[in-house]
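The values are calculated or read from the model by the stated rules, or taken from the named source; none is laboratory data. None of these values were measured; they are calculated from a predicted model. Quick reminder, even Gly has a Cβ in these numbers, built from the backbone with ideal geometry, and neighbours come from all protein chains shown.
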Amino acid sequence: MRRRITLAHLTAIDLPPPALVAAAARAGFDGVGLRLLRVTPDSPGYPLMDDPRLLSETRAALGDTGLACPDIEFVKLAPETDLAALGPLLDAGAALGARHVIAAPYDPDPSRLADRLGRLAEEAAARGLAGAVLEFFPWTPVADLAACRRVAEAAGPRAGILVDALHFDRSGSSLAELAAVPPDRLPFVHLCDAPVCPPYTTDELLHTARAHRLPPGAGGIDLGALLAALPPEVPLALEVPAPPGQPLDARLAGLMAATRRLLARQAPRD
C-alpha cells in the first residue's frame, strides 16, 4: 500500500487554505493539514469557523482536487484555555472531513492537561472526528515522547501522540521509546530534517521549528531509523518551513521528491 503523504500548513503558512490545497495538489500530495488558529503574532492562522465563504471555498478546493484534510491545528492547552469556546473550530474541522485536531501542551499540571486533552478528544469525536493528538515540544512542560505518552494515555483512548521528527530528535527521545508506543496512538507523524548539533538554546529550538527546517535527507536526523521504529505505512505530513527564496511549486515538488527517495531507501528489496 502506498504511504499517504500530506502537507502541513506551516510549510507554506502564507497561503490561504484554498491556495494551499491547489499548490499541494500540483505537487502530488494526498492532503493538507490546515492551521485555523494563529499560533504566534507573526504567523497567520485562517479561522474558517468565522468565515463561511472561505470555508466553502476550501471545501470546494478539496472536492475539486480530491485531497483530504486529515487534521486541523492547533489548540494551545494552557490553564486559561476555554474548551467550551472551541466548538466552532471543531465544527469547521468536521465540515472539512478532518480526523484529528492537534493540541500543544502549555499547562504545567500534567493531570489537568490530561483531563483537558481527553475532553477535547471527546468533543472532537462527538462531531465525527477520531479525536485529538498531542504534540510535544522541547520548550514546553511536555518536552519529550515519554512525557507525551503518559499524558495521552491518561487522557483516554481518543488521545493520540504526534511525533515530529525535529522535536523527537532535539528532545532526546529514543527510538526504543518510539517503537514501544501502541500503533493506535500514532495516527500520523510530522516529517522534516535539520542539522544535528546539540546542545540547543530555546531560541534556536524555536527558530528552527518555525522557520528553518530542511527537506528529508538534507540534514542530520536519522529519518530512516525513525521510520523503521514507526508502525508500517503510518501517514507522513511534511512540515518544512523554510526561508523565502525558492519558488513555491519547485519547493513543494522538491519536498515530495526527497520524501519519495527516503521511502524508496526504506522499501524492502527482494
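Please go through (1) free of Cβ contacts under 8 Å to residues at least 60 places away in the same chain; (2) of a type outside the set (Lys, Arg); (3) under 15 Å from VAL189 (Cα atoms) for PHE137 and return the number of the only condition it doesn't satisfy. So the condition that PHE137 fails would be (1). As a summary of the residue check, ARG251 satisfies the conditions (1) in contact with a helix residue (DSSP H, G or I) (Cβ under 6 Å, 6 or more places away or on another chain); (2) within 29 Å of SER43 (Cα to Cα); (3) in a helix (DSSP H, G or I); (4) not β-branched (Val, Ile, Thr) except for the one numbered (1).
Scanning segment 1-56 for residues that are assigned to a helix (DSSP H, G or I), in contact (Cβ under 8 Å) with a residue 40 or more places away in the chain, closer than 15 Å to ALA92 by Cβ and not aliphatic (A, V, I, L, M) yields HIS9, PRO17, PRO18.
Give ALA114, ALA130, ALA124, ALA103 a once-over and let me know the one that is touching a Pro at 6+ places or on another chain (Cβ under 8 Å) and small (Gly, Ala, Ser). So that I can check it myself, show each step before the final result.
Details: ALA114 fails: touching a Pro at 6+ places or on another chain (Cβ under 8 Å); ALA124 fails: touching a Pro at 6+ places or on another chain (Cβ under 8 Å); ALA103 fails: touching a Pro at 6+ places or on another chain (Cβ under 8 Å).
Checking each option against the conditions leaves just ALA130.
Being out of contact with any strand residue (DSSP E or B) (no Cβ under 7 Å at 6 or more places or on another chain), surrounded by fewer than 14 Cβ atoms within 10 Å (Cβ to Cβ) and modelled with pLDDT of 95 or more holds for only one residue in ARG251, ARG265, ARG261, and it is ARG261. Applying a threshold of 7 Å to beta carbon distances and a minimum spacing of six or more residues, or different chains, the list of pairs starting in segment 154-177 at a residue that is crowded, with 21+ Cβ neighbours inside 10 Å and ending at one that is among the hydroxyl-bearing types (Ser, Thr, Tyr) reads LEU166/THR208; ARG170/TYR200.
Would you check if there is a residue in segment 109-131 being touching a residue at least 60 places away in the same chain (Cβ under 8 Å) and not in a helix (DSSP H, G or I)?
Taking segment 109-131 first, the residues touching a residue at least 60 places away in the same chain (Cβ under 8 Å) are none.
For segment 109-131, residues touching a residue at least 60 places away in the same chain (Cβ under 8 Å) and not in a helix (DSSP H, G or I): absent.
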